There are 2 protein chains.
Amino acid sequence: MGKYDAFLGLLMDVVKNSEASKQNDGTVPVGISNRHVHLSEADLTALFGEGYQLTKIKDLSQPGQYACKETLTVCGPKGAIEKVRILGPVRNRSQVEILKGDCFKLGITAPAKLSGDLCGTPGITLVGSKGSIFIAEGLIVAQRHIHMTSEDAISFGVINGQAVSIQIDGPRGGIYKNIIIRANNASSLECHIDMEEANAMDLVPTSKVTIIR
Amino acid sequence: MGKYDAFLGLLMDVVKNSEASKQNDGTVPVGISNRHVHLSEADLTALFGEGYQLTKIKDLSQPGQYACKETLTVCGPKGAIEKVRILGPVRNRSQVEILKGDCFKLGITAPAKLSGDLCGTPGITLVGSKGSIFIAEGLIVAQRHIHMTSEDAISFGVINGQAVSIQIDGPRGGIYKNIIIRANNASSLECHIDMEEANAMDLVPTSKVTIIR
């Protein structure tokens, strides 16, 4: 690669970062999650039958992710929660993301963990239309996090895996600490919190929060 | 009153304040409220029958306040919430304190207000064992607040009505802003938050929070 190509590459990076900066007013839109389930192919089959395909009803903001028509029942030793939405597409491992308040109802304490970090998390029973399974681990309360592209990360001055705080304005405002940055180019800029976290600070789907350190 | 009496009075104040300071390690225990109802005498009669008396099952931490055996159903235009606990004793006016998440279920937006500040708040239907009523106003989400004695207030360096922030430690910690100090000598030191606020920050009944400004 000649000097000119190297210079052009550098110039393109500068232009891209400058575009990211232009879009970055310091705020991040919120995505509010209710309890939901991700299923592996094998668990989908066990719960809904051989060859069953999930039915997309709505695209989510993260690229390729969608809400499905299908729901299931999540059962713990103390109680059950019905109509828990399945999100597609299928994943390598099943994962059940509940609210802290659901732990009391189910009778299980789920730890706050990032999606995919399931080692040592509690198991749980799932009941579908054609069967039920007990997954040995996979029950979590989703740890608050911010999805963004690598360019967004440069623009915000943060790196993948970093813990930041977010400031929420308004009469019921405040600060949530320990929000993990998840920066990769399969992401779209959004701060993911659950319904209890949203309700406690009066956040709604059109709200924005500000990253602070 | 002679000089000696005046001096003694002053000394007693100093001793009292010094005792309050000794007890004050800068933290405040939390009291976590689920949705609940306070009833006027007239509304209690309309819902449970003539001459009905509430049945205390448990004293609450605030002096003279208690949870009752009785529950009722709260009905909005979109849905109903059953088994909402009544707190005693009866008050001058009925008041229904719900969670933000309950607003979606009921189909009514309740404002965050301090207990007793009911002017302009939405009405709601209550259903008891012997009748139902529509109260013209009184539906609120309780604004977070801290009960304390006047001596506690001196010890913390705050005054009645002041808005402070509270800091919550732990992996799901953060800061809640705009917590109102309610200082009077019928109070016991406690930061009142609701279940969604508690769950969002992993607070439990034995948790303590720190007042910051």
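In Å², nearest 100, what accessible area do chains A and B bury in total when the solvent probe is 1.4 Å?
In total, this chain pair buries about 1900 Å².
Could you give me the ³J(HN,Hα) list for the range B:171-187, computed from phi with Karplus coefficients 6.51, -1.76, 1.60 and θ = phi - 60°, whole Hz, x at Gly and Pro?
Karplus values, whole Hz, x for Gly and Pro: x, 10, x, x, 9, 9, 9, 6, 9, 8, 7, 10, 9, 7, 7, 9, 10.
Please give the solvent-accessible surface of A:THR71 in Å², to the nearest 10, using a probe radius of 1.4 Å with every protein chain present.
Taking all protein chains as shown, A:THR71 has close to 50 Å².
Treating the point 7 Å from Cα along Cα-beta-carbon as the label, what are the nm separations from B:LEU60 to the other copies, to one decimal?
3.7
With every protein chain left in place, what is the accessible area per residue of the range B:132-181 in square angstrom, probe 1.4 Å? Kindly include the intermediate steps, with their values, before the conclusion.
Working: 1790 Å² over 50 residues.
The answer is 36 Å² per residue.
Kindly write out, for the range B:124-133 in residue order, the coupling ³J(HN,Hα) from the Karplus curve 6.51 cos²θ - 1.76 cosθ + 1.60 (θ = phi - 60°), rounded to whole Hz, with x marking Gly and Pro.
6, 8, 10, 10, x, 6, 10, x, 9, 9
Percent of accessible area on chain B owned by carbon and sulfur, 1.4 Å probe?
54
Residues with amide H under 5 Å of A:VAL141's amide H, sequence separation 5 or more or different chain, H placed in the peptide plane at 1.01 Å from N; which?
For A:VAL141, whose amide H was placed from the backbone, the distant partners under 5 Å are A:ILE98, A:ALA112, A:LYS113.
Please report how far the C-alpha centroid of the range A:75-122 lies from that of the range B:70-136, rounded to the nearest whole angstrom.
Measuring centre to centre over Cα atoms gives 31 Å.
Can you classify the protein assembly as shown as rounded, prolate or oblate using the Cα gyration tensor, where a ≥ b ≥ c are the square roots of its eigenvalues, rounded means a/c under 1.5, and otherwise it's prolate if a/b beats b/c and oblate if not?
On the way: a/c = 2.30, a/b = 1.39, b/c = 1.66.
In terms of gyration-tensor shape, oblate.
Of all beta bridges DSSP finds with both residues in chain B, what is the antiparallel percent, to the nearest 5?
65
For the range B:89-101, take each phi angle, set θ = phi - 60°, evaluate the Karplus expression 6.51 cos²θ - 1.76 cosθ + 1.60, and give the result in whole Hz per residue in order, putting x for glycine and proline.
Computed from phi, the couplings for the range B:89-101 are x, 4, 10, 5, 10, 6, 8, 10, 9, 10, 8, 4, x Hz.
Please report the antiparallel percentage of DSSP beta bridges with both residues in the protein assembly as shown, rounded to the nearest 5.
Roughly 70 percent of the beta bridges in the protein assembly as shown run antiparallel, per DSSP.
Label-point separation (nm) for A:ARG93 and B:SER40, each offset 7 Å from Cα along Cα-to-Cβ?
Between A:ARG93 and B:SER40, the simple spin-label model gives 5.8 nm.
Rounded to the nearest 0.05, what FRET efficiency do B:THR149 and A:TYR52 give with R0 = 41 Å and r taken as the Cβ-Cβ distance? Could you check? Let's see the in-between values first.
Values: r = 62 Å, r/R0 = 1.52.
With a Förster radius of 41 Å, E is 0.05.
Go through the range A:183-206 and flag every residue whose accessible area shrinks by 40 Å² or more with all protein chains in place compared to the isolated chain (probe 1.4 Å).
The answer is A:GLU196, A:ASN199, A:ALA200.
The range B:78-106: which residues show an accessible-area loss of 50 Å² or more, assembly versus chain alone, 1.4 Å probe?
So the qualifying set is B:LYS100.
Compute the label zone of A:ASP59 within the range A:186-205: residues whose backbone N is under 17 Å from the point 7 Å along Cα-to-Cβ.
Those under the cut-off are A:186-190.
Could you compute how much accessible surface A:VAL28 exposes when probed at 1.4 Å, giving the result in Å² to the nearest 10?
0
With every protein chain kept in the model, how would you rank B:TYR66, A:TYR176 by accessible area, 1.4 Å probe, largest at the top?
B:TYR66, A:TYR176
Could you put A:PHE104, A:PHE48 in order of accessible surface area, largest first, with the 1.4 Å probe and the full protein assembly present?
Values: A:PHE104 100, A:PHE48 15 Å².
Descending order: A:PHE104, A:PHE48.
Please list, in chain and number order, the residues 5+ apart from A:VAL30 or on another chain whose amide H is under 5 Å from its amide H, with Hs placed from the backbone.
HN-HN under 5 Å from A:VAL30: A:CYS191, A:SER207, A:VAL209.
Within chain B, how many Lys pairs that are eight or more residues apart, or on different chains, come under 24 Å at the alpha-carbon?
Eligible lysine pairs with Cα atoms under 24 Å apart amount to 27.
What does the copy distance list look like for B:GLU82, label position 7 Å along Cα→Cβ, in nm and ordered from shortest?
1.1
Apply the a/c threshold of 1.5 to the C-alpha gyration tensor of the range B:100-198 and tell me whether it is rounded, prolate or oblate. Numbers along the way, then the final one.
Values: a/c = 2.52, a/b = 1.64, b/c = 1.54.
It comes out prolate by the Cα gyration axes.
List the relative contact order of chain B as a percent without decimals, with contacts defined as Cα pairs under 8 Å and 6+ residues apart.
Worked out over chain B, it gives 25 percent.
The values are calculated or read from the model by the stated rules, or taken from the named source; none is laboratory data. Everything numeric here is computed off the predicted structure, so don't read it as measured data. Cβ: placed from backbone, ideal geometry, glycine included. Neighbour counts: every protein chain shown. Note: areas computed on protein heavy atoms with side chains; ligands, DNA, RNA excluded. Shrake-Rupley method; radii C 1.70, N 1.55, O 1.52, S 1.80 Å.
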